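First up is the structure itself, then whatever we jot down about it.
The values are calculated or read from the model by the stated rules, or taken from the named source; none is laboratory data. Keep in mind that this is a model prediction, so the values were computed, not measured. Heads up, the Cβs are rebuilt from the backbone with ideal geometry, glycines too, and the neighbour counts pull from every protein chain shown.
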Amino acid sequence: MNIRAQVSMVFHLDKCIGCHTCSLACKNLWTDRPGTEYMWWNNVETKPGTGYPTLYEDQEQYSGGWVVENGKLRLRLGSRKSELVNISYNPRLPALDDYYHPFTYRYQDLIDAPPGEDQPVARPISMITGEDMEIEAGPNWDDSMGGSEIYAANDPNLKSLTEEERRQFFELQQLVYFYLPRICNHCLNPSCVAACPSGAIYKRGEDGIVLVSQEKCQGWRMCISGCPYKKVYFNWNSGKAEKCILCYPRMEMGEPPACMHTCVGKIRYLGVVLYDADRIEETASKPEAELVEAQRDLILNPFDPEVVRQALICGIDLKIIESAQKSPIYRYVKQWRMALPLHPEWRTLPMLFYIPPLLPVTATLSQEGYYEMDSEFFSSLESARLPIRYMASLFTSGDEAEVVAVYRKLLGVRIYKRAESVGDISMETAFQALKEAGLTPEDVEGIYHLTAIAGADERMVVPPFLREQAIEMGMDTQDFQEHRGFGNLIWPTRGL
Amino acid sequence: MDNFLFIAFPYIALTLAIGVSIYRRLRQPYTYSSLSSEILEKRKLFWGSVPFHYGITLILLAHLLAAFLPGPAAWLLGDQTRRLVLEVTGMALGLYTFFGLVVLIIRRLAPKSLVQAATTYMDGLILFVLLIQIGSGTTIAIFDRWGGLWYLHTAVPWFWSLATFRPELVTVVSLPAFVKLHFVVGFLVILLFPFGRLVHLVMLPLQYLWRPYQVVIWNRRKPDSYVKEVAK
């Protein structure tokens, strides 16, 4: 066993209110430089919808992720040779139009406008050229299903539904959506790393954060095509690829990433998990139907004395192991089996997991305006507003049973807590529901606590990075007092 | 004048090219990049970048191989059929490259082109110099026939005389002015090489063909092999 630690995440979609605070925190912190205007390392998209960049899930077009060929993993982008052949023109690279033309407004116009009859207007201008422009799209143009007949109707995941289901879906009374916040998944089998011809992208051994070495990157652009989630972006100004860094400078100071720290709905969970690095390739090559279970299997139980022993042998610090024992990720993903990876069929083993949203699925209002919960408690799943198959297409590569199992747990917790606190459901019914969901009352208390009560320290267990120790081994920190820390000798602009 | 253009200038250009490239790679690795602008404009790039890069790679290889291996090159050109095939191929590649370069220049100059935001003066200078160099080369290929052959007897001996530090200009000074222009601008391109984006040529990532897919970097741990050994 070659045990490694991975900083991992869970997003609880039922709690996401789609406020985009995470996106703005990230933008203000990392991507407000020239060349990065269009980048949203964190974005929140409406589902059903085409996402950002448009139709990124359509791998026929973008060729991201992995495929299994003769039992071996291969980049969907093609062989290594074909990558080098395409190096001067990458046919799979999204163009700016697939994202959007970044814009701002000439606010000075409001001040300089001469007195007159009309209200002065701030003209939209391009953030790339600075010239006047017409705004045609934005990073979130279909927010809350705006323009659903163009955007949502083209969602690749809707292919899994029948014609009739799709028609019903877009009837006004039926219209239903939820939010899907996305950041880099910091995958265990990252295809951006594998696609980089320069070898500039790497996974940090200690915490699994995937980073682009700005000095090694030569701007060959293959990572952008290689990542099926399109979470690597190209900085047109510096000629380098950039991506989410999981706020590692913040985490090294003990703070959670900015998107998580600012999350209004408190949907984001962070923690370290232990996994067996020797089994990455084997796990990623499993048949599609087994991928979710195989990935769960890869994550190890940090309470198992044997795992702890092996982890120590593999050089993982005891403090990291202790942190893994407190990890909310382990509980949601492995212990309660409630959180699922996004599009596991792309085989990158993403380490950002989602608890699928219950609300848009089951929210059918009865005549009195209450949720029908008690009578045949799980029947609502079959007549769900958002078909289970759609969720399965997003989170389990089509395995509906896996999604239903999660929903039973979500409903089970609600039924049990309702029986306990409101009392209009009998405890007998509640226990029956728990039994069918495969939960114990202790599980319910744990899920309830972590979902509804837990404070920031419990939701985001930042592992101790031992940063000072790591630095001091290589240099005398006294020499670097009063330095800014980053040590960028050359200002990052376009080379010569 | 000839002494400067054909002896001093090549030495200056080569020294700067090698010295500055290495210095820049070691001290300012961040500035090394292909500086792609594909994200800003794709369609014209396809018609420009693909012909240009494939064309220039093959033509450069032909120039270099013939210069380094004049013997085999002479043998290759010794047969009338082979000579004809090579001559026509060279001419076609020249035109192909020139076409690509013109598209690339139009792409940068086009009004309202987003690419302008990612264009520096150095980019413009390099494009202009390349236009002269590839334009003159293609013109020579078309109007001064059998360049493959006389290249071996004029430029190549001169290169070798430079390489062995015994400069000998006899074979080049009597050539037509247009050909001399091609030689001088050629070394001008070498001179400009380390100062702009051309450096991405030496970063061609051939090591990608055999490196493992995944890259893991540790801050302070023993390498994987050690861990595997211990974990047994």
In the range B:206-232, what residues are modelled with pLDDT of 90 or more, within 7 Å of chain A (Cβ to nearest Cβ) and under 16 Å from residue A:280 (Cα atoms)?
B:213, B:214, B:215, B:216
On the basis of being touching a residue at least 24 places away in the same chain (Cβ under 8 Å), over 25 Å from residue A:37 (Cα atoms) and among the aromatic types (Phe, Trp, Tyr), does residue B:4 make the cut?
no
State whether the residues of the range A:172-187 include one that is within 29 Å of the chain's Cα centre (by Cα) and within 14 Å of chain B (Cβ to nearest Cβ).
yes
Any residue in the range A:193-206 that is modelled with pLDDT under 90 and more than 9 Å from chain B (Cβ to nearest Cβ)?
no
Could you tell me which residue of the range A:333-349 is farthest from the chain's Cα centre (by Cα), considering only residues that are assigned to a helix (DSSP H, G or I) and surrounded by fewer than 24 Cβ atoms within 10 Å (Cβ to Cβ)?
A:335
Has the range A:5-12 got any residue that is modelled with pLDDT of 95 or more, within 22 Å of residue A:210 (Cα to Cα), in contact with a Ser or Thr (Cβ under 6 Å, 6 or more places away or on another chain) and of a type in the set (S, T, N, Q)?
no
Expected single match for at pLDDT below 95 and of a type in the set (Gly, Ala, Ser) among B:100, B:135, B:90 is B:90
Looking at the range A:92-146, which of its residues are touching a strand residue (DSSP E or B) at 6+ places or on another chain (Cβ under 7 Å), among the charged types (D, E, K, R) and not in a loop (DSSP other than H, G, I, E, B)?
A:132, A:143
Subset of the range A:420-430, residues in a helix (DSSP H, G or I), touching a helix residue (DSSP H, G or I) at 6+ places or on another chain (Cβ under 8 Å) and surrounded by fewer than 21 Cβ atoms within 10 Å (Cβ to Cβ), comes to A:420, A:427, A:429
Can you find a residue in the range B:68-79 that is within 25 Å of residue A:87 (Cβ to Cβ) and within 14 Å of another protein chain (Cβ to nearest Cβ)?
no
Residue list for the range B:61-113, restricted to those being without any contact (Cβ under 8 Å) to a residue 40 or more places away in the chain, over 30 Å from residue A:131 (Cβ atoms) and among the basic types (Lys, Arg):
B:82
State whether the residues of the range A:246-255 include one that is touching a helix residue (DSSP H, G or I) at 6+ places or on another chain (Cβ under 8 Å) and within 27 Å of residue A:58 (Cβ to Cβ).
no
Which of the following residues is closer than 16 Å to residue B:9 by Cβ, under 18 Å from the mean Cα position of the chain (by Cα) and at pLDDT below 95: B:141, B:163, B:155?
B:155
Test each condition in (1) assigned to a loop (DSSP other than H, G, I, E, B); (2) surrounded by fewer than 21 Cβ atoms within 10 Å (Cβ to Cβ); (3) touching a residue at least 60 places away in the same chain (Cβ under 8 Å) for residue A:281 and report the one that comes out false.
(1)
So residue B:145 ticks every box in (1) within 13 Å of chain A (Cβ to nearest Cβ); (2) outside any helix (DSSP H, G or I); (3) among the charged types (D, E, K, R) but one. Which box is left unticked?
(1)
